[in-house]
1. Could you check the stretch 108-130 and list, in sequence order, the residues that are at pLDDT below 95, buried (at least 16 other Cβ atoms within 10 Å of the Cβ) and under 22 Å from Ile21 (Cβ atoms)?
2. Could you please let me know if Asp191 is of a type outside the set (Gly, Ala, Ser), surrounded by fewer than 16 Cβ atoms within 10 Å (Cβ to Cβ), modelled with pLDDT under 95 and out of contact with any helix residue (DSSP H, G or I) (no Cβ under 7 Å at 6 or more places or on another chain)?
3. Can you work out which of the residues in the stretch 138-166 that are assigned to a helix (DSSP H, G or I), in contact with a strand residue (DSSP E or B) (Cβ under 7 Å, 6 or more places away or on another chain) and free of Cβ contacts under 8 Å to residues at least 60 places away in the same chain is surrounded by the most Cβ atoms within 10 Å (Cβ to Cβ)?
4. Please determine whether any residue of the stretch 119-137 is under 26 Å from Val225 (Cβ atoms), within 15 Å of the ligand (Cβ to nearest atom) and assigned to a strand (DSSP E or B).
5. Could you check the stretch 17-36 and list, in sequence order, the residues that are more than 8 Å from the ligand (Cβ to nearest atom) and in a loop (DSSP other than H, G, I, E, B)?
6. Hey, can you tell me all the residues within the stretch 146-180 that are polar (S, T, N, Q) and under 19 Å from Ile21 (Cα atoms)?
7. Quick check, is Leu178 hydrophobic (A, V, I, L, M, F, W, C), in a helix (DSSP H, G or I), more than 10 Å from the ligand (Cβ to nearest atom) and within 24 Å of Trp303 (Cβ to Cβ)?
8. Among the candidates Asn10, Asn89, Asn96, which residue alone is surrounded by 15 or more Cβ atoms within 10 Å (Cβ to Cβ) and modelled with pLDDT under 70?
Amino acid sequence: MSDLSSSEMNMSGAPLRISLIAAVTRSNGLGSGGGLPWTLPKEMSHFRRCTTFLPPSPSPPAPPPRSSSPRGAKSASPSTSPAKDQRMNAVIMGRNTWESIPEKFRPLKGRWNIVVSRSMNVSQLGASGQEGSNGSPAQTLLANSLKGALDHLSKLQSLHLLGRTFLIGGAQLYAQALLTLPQHSSTASDDQQHSSTASNDLHASPFVLDTLLITRLKSDLSCDVYLPEFRSDDQIRLDEKGTRDGSSTVISDSAGQQESKSRGRWKRATHEQFNEWLGATEKDLLPAGAVEEKGLEYELQMWLPAQWCFSSTHRS
Ligand SMILES: NC(=O)c1ccc[n+]([C@@H]2O[C@H](COP(=O)([O-])OP(=O)(O)OC[C@H]3O[C@@H](n4cnc5c(N)ncnc54)[C@H](OP(=O)(O)O)[C@@H]3O)[C@@H](O)[C@H]2O)c1
């Protein structure tokens with residue numbers, strides 16, 4: 001696997017910030033038989049909302065240059081008109097996850113879709129994998145490594161075409177992200193500026209995994225793929241408090257084998273921080289506490305690097 005932290009910084013100098021979004025069972029189960037062992041429409045809407053919400057641009061693109069006539073006459077269009085915001089968020093996924101999305105729903109609308117695969121070719125992506133006739137970039141892109149996907153998105157970021165970046169699965173991609181991507185940066189400077197309590201020993205990195213959006217199901221369903229554990233034992237116990245039987249979580253063997261070196265490096269954000277991150281207003285606040293849907297209970301959580309200061313200076 002390539003060393004993701006050694007790549008060159010993208011052209012804009014700001015690191016590419018990545019959010020991981022996943023729904024997991026009580027013991028980190030992600031899926032079974034190539035699909036999800038649950039059908040939760042409201043949870044799916046939460047996924048859509050998180051991955052499509054576009055925060056205001058930290059550095060708006062410059063307005064288009066004035067067109068000048070040969071005699072130096074002013075352009076008819078007002079020079080002060082703001083440039084159109086052409087950004088979209090991006091979702092990165094492994095080939096199995098791409099294939100698990102019903103054809104009629106892919107690519108995921110209004111987002112750059114990046115599929116990571118060594119075996120696919122561009123023609124298998126369908127029409128959305130083709131460049132527009134005006135040379136506009138294809139909405140679905142193929143990358144032969146996670147680093148290739150992130151490099152590509154760094155370019156879109158430097159062209160002001162990218163909002164937020166989400167890693168949406170599956171198990172292989174999540175594990176690579178949790179195990180290999182730097183999880184904090186001293187050069188955080190865009191819409192999510194944070195003060196760090198440990199910034200002196202941090203090095204600049206072109207990519208940084210800085211947000212985990214976790215839907216935590218309160219029960220266990222049979223799964224064959226798992227998210228590596230990222231919580232400390234104490235955090236697991238805290239998460240457990242809401243479960244009905246109150247017994248301690250047994251982390252499955254497969255999750256245990258891939259135990260993440262990031263364990264305990266994340267801290268649960270508050271409900272207010274999550275709402276702020278999502279630009280929620282009074283009318284569309286996220287539900288606090290447990291949500292019940294189709295007989296299953298779950299909680300919508302956001303986790304941030306523990307190094308970040310969780311005081312009022314936090315502006316996520
Ligand atoms: N609960 C959730 O939130 C959630 C979200 C997404 C998915 N899932 C579940 O997760 C399961 C799918 O996960 P998965 O681990 O089997 O598959 P996956 O991570 O979606 O895709 C794995 C494939 O991605 C490609 N790949 C992975 N790492 C690569 C790398 N470094 N370079 C190049 N290609 C790479 C390979 O494709 P090639 O073989 O083509 O090279 C590999 O076979 C399903 O059950 C799905 O429903 C759950």
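The values are calculated or read from the model by the stated rules, or taken from the named source; none is laboratory data. Since the structure is predicted, the reported quantities are computational estimates derived from the model, not experimental observations. Cβ atoms come from the backbone with ideal geometry, glycine included; neighbour counts cover every protein chain shown.
1. Leu125
2. Numbers: of a type outside the set (Gly, Ala, Ser): yes; surrounded by fewer than 16 Cβ atoms within 10 Å (Cβ to Cβ): no; modelled with pLDDT under 95: yes; out of contact with any helix residue (DSSP H, G or I) (no Cβ under 7 Å at 6 or more places or on another chain): yes.
Considered against the rule, which asks whether it is of a type outside the set (Gly, Ala, Ser), surrounded by fewer than 16 Cβ atoms within 10 Å (Cβ to Cβ), modelled with pLDDT under 95 and out of contact with any helix residue (DSSP H, G or I) (no Cβ under 7 Å at 6 or more places or on another chain), Asp191 comes out as no.
3. In the first step, residues of the stretch 138-166 are kept if they are assigned to a helix (DSSP H, G or I); the result is 146-158.
Retained after the next criterion (residues that are in contact with a strand residue (DSSP E or B) (Cβ under 7 Å, 6 or more places away or on another chain)): 146, 149-150, 152-154, 156-157.
Pick out the ones that are also free of Cβ contacts under 8 Å to residues at least 60 places away in the same chain and you get 149, 152.
On the way: Ala149: 25, His152: 20.
Step by step, filter the stretch 138-166, then rank; the result is Ala149.
4. No - not one qualifying residue is present in the stretch 119-137.
5. Thr25, Arg26, Ser27, Asn28
6. First, the residues of the stretch 146-180 that are polar (S, T, N, Q): 154, 157-158, 165, 172, 176, 180.
Hits for the stretch 146-180 are Thr165, Gln172, Gln176, Thr180.
7. On the way: hydrophobic (A, V, I, L, M, F, W, C): yes; in a helix (DSSP H, G or I): yes; more than 10 Å from the ligand (Cβ to nearest atom): yes; within 24 Å of Trp303 (Cβ to Cβ): yes.
Yes.
8. On the way: Asn89 fails: modelled with pLDDT under 70; Asn96 fails: modelled with pLDDT under 70.
Of Asn10, Asn89, Asn96, the one residue that is surrounded by 15 or more Cβ atoms within 10 Å (Cβ to Cβ) and modelled with pLDDT under 70 is Asn10.
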